Structure formats: structure tokens, C-alpha cells
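Each remark here refers to the structure printed beneath this line.
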């Protein structure tokens, strides 16, 4: 009987060790997946992406600071990078950018209006935004920051229109103009 127990223990240890090896093995970099080499950068594309980022953030900040139109939220910085460097991915499509930010703003403002801005309310707003973006097919990761900001800074429902809807729409318009200059880019891949 003692021999069977020892064999079962050895087998259990082997299974656990193999499972841990597989689990942590997923986290190792494989050739071509974890390193971005400068040799892969096409300088014309980088210049176009830089121009798009500059014009997008420049326009939003100019209108906000010099004309008093509230269009700046931190999450737009991440959106601009997606729009101008990865315009082919689903998270950078107009539906995802505008829809994701608006849904996230609605989540954040609603949570703030109901629960104030305690730590758990901010957390709940981000989780709610993620769930709603996923369910509606509008996943846009910078939207999580939009929900966070809405609760943290105590926004009301006007936040959804300006800066969120108007600002994200401006970002889309600039991305349309800039990304289609290049013969290697097509933006958007889809609208809805």
C-alpha cells in the first residue's frame, strides 16, 4: 500500500511540475514575438505616424487650451498612438474608438453619479466599461482610462459629449486624413 501511495505522490508532483512548466513556458519570448528591431521600422511610415500623432494631439490641445473647449482627456494619448501606428487593428476602427470611449464615459459617469469616487467605484467603472465594450464589439483599451477619469474627476453626463464624443470623433477624422496618405495603409477597415 505504501508503494502505491508513493507512486501516486510522484505522479501528482510530475503532473503539477509539467503543468507549471507549460504555464510559465507561455511567458517566454519566442523568436520574432518579443523583440521589435529598428531594422523593421520603415522610416516613411514612422514619419507619417508621427505626423498623425502630432496633428491629432496638437489639434485637441490647441482647441482646449486656446479656445476653452474641453477636449482633453489622458486616454486620447493612447488612442492617438493606436490610430496612427496600428490603424489596421480592430481596436483602432471608428466604431471601437468612438463607441469604446462613449461607452466607457457612460460607465464612469453613471458609477460616479450613483456611488461617488471611492477606490472601488473607480474599479467598478473600469470593469463595467470593459464588459460593455466587449459585449457591444467596441473594445478600445484606452476606454478603460476614460471610465477611470470620469469617476476620479467626478464628471457629469456632459462629459460624454465633450470631451469624449467630440474629441474621439476629431481623432477619427484626422486618422482618416493621415492614414490614407500612405499606399500601404487603408483606414478604416470597417465603420460599424
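Here are the numbers for this structure:
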item	result
Positions within the stretch 92-121 being crowded, with 21+ Cβ neighbours inside 10 Å and over 30 Å from residue 188 (Cα atoms), in sequence order	111, 112
Total residues in the stretch 148-190, condition part of a loop (DSSP other than H, G, I, E, B) and either within 19 Å of residue 106 (Cα to Cα) or touching a strand residue (DSSP E or B) at 6+ places or on another chain (Cβ under 7 Å) (or both)	5
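Read the figures in this text as sums done on the coordinates, not as results from a lab. Bear in mind the structure is a predicted one, so any value in this text is a computation, not a measurement. For neighbour counting, all protein chains shown are included, and Cβ atoms are generated from backbone atoms with ideal geometry for every residue, glycine included.
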